[in-house]
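Right, one structure below, let's go through it.
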Amino acid sequence: MDKTDGSIQTDLFDSLLVGRQIRFARTAADLTLDDLSERVGRSAPFLSQLENGKKEVSLRLLNELATALDVPARDLLDSTPPTRRDELEIAVELAQRDPLYQGFGLGKFKPSAKIPDIALEHIVKLYDELRGRSVPNIVTREEARIANAELRTEMRKRGNYFGEIERLARDAVGAIGYSKSGALSQGDIDDLAKYLGFTIHRSQTVPPSVRSLTDLRHKRIYIAQRDALDNIGARSVILQTLGTFALGHRPPKDFTEFLHQRVETNYFAGAALLPEVALVPALQKAKEARDLSIQDMKDVYSVSFEMAAHRFTNLATEHLGLKVHFVRSDEEGIIWKAYENNDVPFPRNSVGAIEGQRLCREWGTRQAFHSADKFAIHYQYTDTDDGTWWCGTHVEAGRDPLSAITVGVKFDDAKHFRGHGTDRHSVSRCPDGNCCRRPSDALAARWDSYALPSVRPNSHVLAAMPVETIPGVDVAEMYEFLERNAPRG
């Protein structure tokens, strides 16, 4: 610090901070600016500028102020803002001095006492995000799909098996005395949370923009207790949340890291809900009996069909020697999630991305929607130019939009699965336009120039990926909930 003029600080932050410490001490002493002015022989307007960081304080004046306020001089030099409000006001003032902020041409903003803390929280958070994104960092759909394609390549190389996460989950469920049979109970989930240092709290008032909300200060995980989140879904959400801490995740630096973390937390949840130590022997036995079934996994471990299907892909190559594919799509055949290490001919765009592409209408994943009982398991063989694949598809009720979950293998491996004797058979020649991408010549001749559709807008196709730190979350509502529910005393 430059002391040539008797001043004890020249930095703007120091000036603001010392000024707030003086104001805090003055208010605590129940003194007005005029009262303090009389005690130290300086004008009230000068002291006001001092408290607002517009004037620097000399060492001599600092000692005089400390004496007048009956506090140690070191208290006025404390590097910690005296209150959260002071910290926010200092941060807002510093933000407005930044040329990046000033580039918006906004008028001077003074955080008067009428401005609530939450408004200042928002300004500070927005500025922090702005400062971290001085070059625009919007993730487009295409960039997101490239990241997805790169991640899928890594998963394919590993056979979708993450041994380190398996061990972490095995240690966790072992620590709570898991008996190696059947589903984890609600009590087991609570014990697992305690093992990782958290408690679970179910509430009807968890903000609707989140599935769970973690209070890191008090180590509480709040879970929504609504009809929309059934027990199966709640268990999965809790374990995904716990996975974040078990895996030691930090806030992701970019979208690619975000994707990796999401895959890892989902994997942890699956490995805890369907433990490898119990599931693998059962799968090996079912394979020998030619009776492998995703539905059985769903029923025995009380998970969703999608969770069971994901979990099967984790273990099938590593423990059963089977290469598989998985896909989740909607009724229009648009792929939402996909994985394969068996060379199934998924449609891909120019960068190799699968998500957002449309499946052939002849594939079982789409045919399931047109079954006599579309909520029963739909087994089917499909011939392609690259070979024949067998698959089992389940349309999960309760989703909006409805989703079909498919697990499949090459023809030679179908014999290990329940449903391999199906007589459903189709032929796909996609991406050949004569398969299902173009109408027949007769239909085209009849209807060309006589059809005018009004296309349903698909906002998810047009929108860029969200750039918020927590996409889609109402931060104010989240903080208010945590404040209401935090333990007192």
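The values are calculated or read from the model by the stated rules, or taken from the named source; none is laboratory data. Fair warning: this is a prediction, and the values are worked out from it, not measured in the lab. All Cβ positions, even for glycine, are placed from backbone atoms using ideal geometry, and neighbour counts span all protein chains on display.
Cβ-Cβ distances below 8 Å connect the following pairs, each with a first residue in the range 167-193 that is under 19 Å from N231 (Cα atoms) and touching a residue at least 12 places away in the same chain (Cβ under 8 Å), a second residue that is part of a loop (DSSP other than H, G, I, E, B) and of a type in the set (V, I, T), and a separation of six or more residues or different chains: A183/V303; D188/I176; D191/I176; L192/I176. When you scan the range 138-158, do you find a residue that is more than 19 Å from A271 (Cβ to Cβ), touching a helix residue (DSSP H, G or I) at 6+ places or on another chain (Cβ under 9 Å) and assigned to a loop (DSSP other than H, G, I, E, B), even just one? Scanning the range 138-158 turns up at least one residue that is more than 19 Å from A271 (Cβ to Cβ), touching a helix residue (DSSP H, G or I) at 6+ places or on another chain (Cβ under 9 Å) and assigned to a loop (DSSP other than H, G, I, E, B). All of W336, W390 fail the test of being touching a residue at least 12 places away in the same chain (Cβ under 8 Å), assigned to a strand (DSSP E or B) and out of contact with any helix residue (DSSP H, G or I) (no Cβ under 9 Å at 6 or more places or on another chain), apart from W336.
So which of G387, G398 ends up being of a type outside the set (S, T, Y), out of contact with any strand residue (DSSP E or B) (no Cβ under 9 Å at 6 or more places or on another chain), surrounded by fewer than 17 Cβ atoms within 10 Å (Cβ to Cβ) and at positive phi? Please lay out each step first, then the result.
Values: G387 fails: out of contact with any strand residue (DSSP E or B) (no Cβ under 9 Å at 6 or more places or on another chain).
After ruling out the rest, the residue left standing is G398.
A search for C-beta distances below 7 Å between a residue of the range 235-251 that is more than 22 Å from G163 (Cβ to Cβ) and among the charged types (D, E, K, R) and any residue that is in a helix (DSSP H, G or I) and at pLDDT 90 or above, counting only pairs 6+ apart in sequence or on different chains, returns R235/I189; R235/L273.
Taken over the range 1-49, the criterion of being of a type in the set (D, E, K, R), modelled with pLDDT under 90 and outside any helix (DSSP H, G or I) is satisfied by D2, K3, D5, D11. One residue stands out in the range 205-234 among those that are within 19 Å of A476 (Cβ to Cβ), in a strand (DSSP E or B) and free of Cβ contacts under 8 Å to residues at least 60 places away in the same chain: the one that is nearest to the chain's Cα centre (by Cα), namely S212. The set of residues in the range 305-338 being hydroxyl-bearing (S, T, Y) and either surrounded by 21 or more Cβ atoms within 10 Å (Cβ to Cβ) or not assigned by TED's automatic domain parsing to the domain that holds F369 (or both) consists of T313, S329.
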